[in-house]
Amino acid sequence: MQSACYVLDNQKGSQTIFNFFGEAHFMHRYKLCFAAIMGMIATIAPAQAATVFLNNGAPYAEVVHANSAGSGTTLNTLTKPGAIPVALSSVDGLDVGNGDGVAIVKGLGSGNGNGFSALLIDPSTGFSVMQFKIEDFANQRASNLNIKVNFVGGGSQVFSGFGLPSNSKIDVMAGASEVLDSIELYGLVNQAGGSLKFKDVKQISFDPVMSGIPEPASWAMMLAGFGLVGGAARRRRSGAALISA
């Protein structure tokens, strides 16, 4: 009996054909087919690369509201109009108040020593772009911060020493075929490199990405799995036919 595994090579635009003969090599040939398909995943899956830029334009589709979340180290807010849960977390205490206006994330108390040193913005859904505005205390003269971008499915990218704009919102945008999972803000410093605390982060908005749509790499994995399952089923049918004969 002759079997073949056909794998499309997207880079070369041609078909690579693996032929294997004999019943004894059934599992061996399908393992090789699977390995070949897995090798193609590297060319299908996009590299993770987000972009950070300044933007004073209108907010994106979903705007984070306070949802009467009050204060704590993790605050459960909601967006409007879509009511998407967004967790705001910090090692320091946070406060968004007990109302339901557009969220202004502050530290507990007042004054330079009562800000917060880091903030994780974590929507319950993936998103393609997020916008926010950062403010420091008046006499701090903050210069730079770090922005960590976490991707759906794993992986991250860090923008170190990003210049803090004086009066602009910051946008973080995913690259083609990418989905963002969360954003971390930390490492606020002045021009001399001294550590500072954030006064507040506000005007947080984002464009959500529909869940349940597989990424290219996921499609490749599923196709590989279907091929193995189909091959095993065909092997069982062939064995049953030989026994019947």
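The values are calculated or read from the model by the stated rules, or taken from the named source; none is laboratory data. Keep in mind that this is a model prediction, so the values were computed, not measured. Please note: Cβ atoms are built from the backbone with ideal geometry, for glycine as well, and neighbour counts cover all protein chains shown.
Tabulated results
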item: Every residue from the range 150-182 that is in contact with an Asp or Glu (Cβ under 8 Å, 6 or more places away or on another chain) and among the β-branched types (Val, Ile, Thr); result: Val152, Val179
item: Odd one out for Asn146, checked against (1) in contact (Cβ under 8 Å) with a residue 60 or more places away in the chain; (2) under 23 Å from the mean Cα position of the chain (by Cα); result: (1)
item: Subset tally (residues that are out of contact with any Gly (no Cβ under 8 Å at 6 or more places or on another chain), of a type in the set (A, V, I, L, M) and in a strand (DSSP E or B)) for the range 152-188; result: 7
item: Asp122 being more than 26 Å from Gly109 (Cα to Cα) and in contact (Cβ under 8 Å) with a residue 12 or more places away in the chain; result: no
item: Residue identified as of a type in the set (Val, Ile, Thr), out of contact with any Phe, Trp or Tyr (no Cβ under 6 Å at 6 or more places or on another chain) and over 27 Å from Ala83 (Cβ atoms) among Val158, Val179, Val149; result: Val158
item: Filtered residues of the range 146-177 (kept if touching a Pro at 6+ places or on another chain (Cβ under 9 Å) and crowded, with 17+ Cβ neighbours inside 10 Å); result: Lys169
item: Any hit, the range 94-115, residues being in a loop (DSSP other than H, G, I, E, B), in contact with a Lys or Arg (Cβ under 6 Å, 6 or more places away or on another chain) and either within 30 Å of Ala176 (Cβ to Cβ) or touching a residue at least 60 places away in the same chain (Cβ under 8 Å) (or both); result: yes
item: Condition check for Leu180: crowded, with 19+ Cβ neighbours inside 10 Å, touching a Leu at 6+ places or on another chain (Cβ under 6 Å) and assigned by TED's automatic domain parsing to the domain that holds Gly107; result: no
item: Members of the range 97-133 that are of a type in the set (A, V, I, L, M) and at pLDDT 95 or above; result: Val102, Ala103, Ile104, Val105, Ala118, Leu119, Leu120, Ile121, Val129, Met130
